[in-house]
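The numbers here are math on the coordinates, done by the rules we state, and not lab data. What you are looking at is a predicted structure, and each value in this text was computed from that prediction instead of being measured. All Cβ positions, glycine included, derive from the backbone under ideal geometry; neighbour counts span all protein chains shown.
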Amino acid sequence: MIEARDVGRRYRGGWALRGCTWEVPAGRMAGLVGPNGAGKSTLLQLTVGLLRPTEGELRVLGGPPAGPRLARIGFVGQDAPVHRSLTVAEHLRLGSRLNRTWDRAWARRRIDELGLDPHRRAARLSGGQRAQLALTLALAKRPDLLVLDEPVAALDPLARREFLDSLAQARADSGATVLMSSHLVSDLARDCDHLIVLGRGRVRAAGPLTDLLAGGRDLEAYVLEQLEEAR
Ligand code: ADP
C-alpha cells in the first residue's frame, strides 16, 4: 500500500526527514509514533501528496501519490480540519461535489448515528464532534488508504476513546488500510498491528508489531528504547 525508499525532505531550516525507508502492507492499521518535531506530519504529508520528497522515492497504491490515486486516499489533517462557518450538512454537500467516489447515503447515515445535528455549524461542535465530522468526510470518499495526523491529540479521554472506537469500526467495515500518527504510544497500542517509530527525522524501527515485540516485549518500553538510542 505504501513503500518509501530513502525518502528525505528538506525545508529552509534543514532536513526534517532523511533516509526514511518503510512500508505499510495493505489491510494494516499502522501507527506512526515519535516525539513532537520528529517529522511525523512531514512524513504523512508526503504520503498523501501534499509535499514532494526532496530525495528518495515514495509509492502509494503503486505509484507517486498524485493524480487519480489521490481519490483513493483519505486524509484527516491535524486539529480536525473543518470549515468553522459551514454546517454539518454543508460539509457533506461540499464533499459530494469535490469527490467523485463520495458515498452520500453512507455519509448521511453516519452523521445520523453520531447524533450530529446537520444544521449546526462546525464552530459550535465539540472537539470530539469536529473530529468525528472530519473522519466522516475522509471516509465518505471510500478510500483504500486513510491517513490521520494526530487525530486525538486535542481530545479529552472520553472523546479520544470514542474516536478510536469509531475508527476501528470504520476500518473493520471498509477494509481500508490506516496510517495514524500520535506522540503517545497509548493511542496506538490498542488497535495498531504495524508500527513506525520516528526520531529526529529518521525511522528508528518499522514493521509488524508481532515482529517488533517478539518475546512479549512491552510496546511503550520498546518505543522508548528505540528513541533513547536515537538521542
Ligand atoms: P512532528 O509532526 O513529528 O511534530 P513535523 O513534521 O511537523 O514533526 O516537523 C519536523 C521538523 O520540520 C521540525 O523541526 C519542524 O520545525 C520542521 N518543519 C515542519 N514544517 C516546516 C515548514 N513548513 N517549514 C520549515 N520547517 C518545517
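Take the Cα of Thr21, step 7 Å toward its Cβ, do the same at Leu50, and the gap between the two points is 2.8 nm.
Full extension of the chain between Asp218 and Asp112 gives 34.3 nm of extra length, using 0.36 nm per residue less the Cα-Cα distance. Note on the chain: dipole from Cβ charges, positive end direction compared against Leu86, Pro157, Pro35; the farthest Cα belongs to Leu86. The H on the amide N of Leu116, modeled in the peptide plane, is under 5 Å from the matching H of no residue at least 5 residues off or on a different chain.
Placing +1 on the Cβ of every Lys and Arg and -1 on the Cβ of every Asp and Glu, with nothing else charged, gives the range 2-230 a dipole about its Cα centre of roughly 1140 debye. Once C-alpha pairs closer than 8 Å and six or more residues apart are averaged by separation and normalised to the residue number of the chain, the relative contact order reads 28 percent. The trypsin sites (Lys or Arg not before Pro) of the range 1-72 that DSSP puts in a loop, and whose beta carbon has at most 10 other beta carbons within 10 Å, are Arg12. Enter the Cα centre distance for the pair the range 85-116 and the range 43-71, rounded to the nearest angstrom. Computed from Cα coordinates, the inter-centre distance equals 26 Å.
Each other residue within a Cβ distance under 12 Å of Val7 adds +1 if Lys or Arg and -1 if Asp or Glu, for a net charge of +2. Beta bridges from DSSP with both residues in the chain: antiparallel share about 55 percent, rounded to the nearest 5.
Mean-square fluctuations from a GNM of the chain, with a 10 angstrom spring cutoff on Cα atoms, peak among Leu179, Leu139, Leu164 at Leu164. Each Lys and Arg contributes +1 and each Asp and Glu -1, all at the Cβ; summed about the Cα centre of the range 147-231, the dipole is approximately 240 debye.
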